[in-house]
1. Any chance region 61-72 includes a residue that's under 30 Å from GLY34 (Cβ atoms), exposed (fewer than 15 other Cβ atoms within 10 Å of the Cβ), without any contact (Cβ under 8 Å) to a residue 60 or more places away in the chain and among the aliphatic types (A, V, I, L, M)?
2. Restricting region 73-113 to residues that are among the hydroxyl-bearing types (Ser, Thr, Tyr) and either free of Cβ contacts under 8 Å to residues at least 40 places away in the same chain or in a helix (DSSP H, G or I) (or both), which is farthest from VAL52 (Cα to Cα)?
3. I'm told GLU151 meets every condition in (1) among the charged types (D, E, K, R); (2) in a helix (DSSP H, G or I); (3) in contact (Cβ under 8 Å) with a residue 12 or more places away in the chain except one. Can you identify the failing condition by its number?
4. So LEU102 fits all but one of (1) under 28 Å from the mean Cα position of the chain (by Cα); (2) farther than 30 Å from PRO67 by Cβ; what number is the exception?
5. From HIS38, HIS128, which residue is farther than 25 Å from THR17 by Cβ, touching a Leu at 6+ places or on another chain (Cβ under 9 Å) and surrounded by 10 or more Cβ atoms within 10 Å (Cβ to Cβ)?
6. Run ALA78 past the list (1) more than 22 Å from the chain's Cα centre (by Cα); (2) under 30 Å from THR117 (Cβ atoms); (3) not charged (D, E, K, R) and report the number of the one that doesn't hold.
7. Looking at THR64, THR55, can you tell me which residue is farther than 14 Å from LEU89 by Cβ, within 19 Å of the chain's Cα centre (by Cα) and among the β-branched types (Val, Ile, Thr)?
Amino acid sequence: MDAPDLEAVRAAARQLTGDLQQVPPMVSAKKVDGRRLHELARRGEVVERAPVPVTVTRFDVEATDDPMVVGAVVSCSAGTYVRVLASDLGHALGGGAHLVGLRRTAVGTFDLSDAATLEQLEADPSAHLLAPTSIERVMSCVVADPAVAGEVLHGRVLERDRLGLGDDGDDTGPWAVLDPDRSRLLAVYTPHREGTVKPAFVLS
């Protein structure tokens with residue numbers, strides 16, 4: 001088999017960006033009729049799988065030292081099967097393709113600069129823990145004033161305005177609640193009855 005033309009691969013990759021419908025692979029944790037697909041696959045069963053919506057915002061392809069292998073950088077929504085994306089790329093080129101390696105380099109705002117190797121964790125686990133307040137990077141946060149902080153730590157149901165949330169119906173939570181100097185995560189609150197919020201959990 002001849003090596004694929006790099007520009008043809010890139011053109012095919014561009015067609016696999018945006019909003020897509022992906023059929024989950026049999027070797028996945030997705031359930032069909034209450035059973036995980038990988039469990040069925042181990043028994044040699046193949047079942048129909050409904051396609052699921054995913055979004056691929058980046059699918060960049062580069063050459064490698066092996067003309068039969070290309071490197072790729074993918075940014076995608078949660079639930080995207082990158083192995084299926086590789087297979088679909090091969091089909092788009094009139095053949096087949098599979099992954100020879102897969103490395104997750106980021107999840108949301110967290111990337112490899114936040115990561116640690118197993119050796120580093122074994123040497124000093126606490127040195128590589130992220131501060132609880134880093135939740136600000138992934139969740140809406142509110143800063144409790146001193147009077148409210150005590151109520152938060154007691155797990156009280158609060159009026160929205162007690163947490164400074166106002167009446168914005170579009171702000172649906174959840175919310176991380178920080179102490180007055182933003183140095184400590186107190187709790188995570190979620191919507192409750194109309195006009196109130198309740199703790200999902202409290203950190204003592």
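The values are calculated or read from the model by the stated rules, or taken from the named source; none is laboratory data. Bear in mind the structure is a predicted one, so any value in this text is a computation, not a measurement. Neighbour counts are summed over all protein chains in view; Cβ atoms, including those assigned to glycine, are modelled from backbone coordinates with ideal geometry.
1. no
2. Going through region 73-113, the residues among the hydroxyl-bearing types (Ser, Thr, Tyr) turn out to be 75, 77, 80-81, 87, 105, 109, 113.
Checking the rest, the ones that are also either free of Cβ contacts under 8 Å to residues at least 40 places away in the same chain or in a helix (DSSP H, G or I) (or both) come to 75, 77, 87, 105, 109, 113.
Details: SER75: 17, SER77: 12, SER87: 16, THR105: 23, THR109: 24, SER113: 31 Å.
My answer is SER113.
3. Just one mismatch for GLU151, condition (3).
4. Failed condition: (2).
5. When all the criteria are applied, what remains is HIS128.
6. Exception for ALA78: condition (1).
7. On the way: THR64 fails: within 19 Å of the chain's Cα centre (by Cα).
So the residue among THR64, THR55 that is farther than 14 Å from LEU89 by Cβ, within 19 Å of the chain's Cα centre (by Cα) and among the β-branched types (Val, Ile, Thr) is THR55.
Okay, residues lined up against (1) within 20 Å of the chain's Cα centre (by Cα); (2) surrounded by 11 or more Cβ atoms within 10 Å (Cβ to Cβ); (3) more than 30 Å from ALA11 (Cβ to Cβ); (4) outside the structural domain of GLY79 (by TED's automatic domain parsing):
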residue	(1), (2), (3), (4)
HIS98	no, no, no, no
ALA115	yes, yes, yes, yes
GLU119	no, no, yes, yes
VAL152	no, yes, yes, yes
GLY155	no, yes, yes, yes
ARG162	no, yes, yes, yes
LEU185	no, yes, yes, yes
TYR189	no, yes, yes, yes
GLY195	no, yes, yes, yes
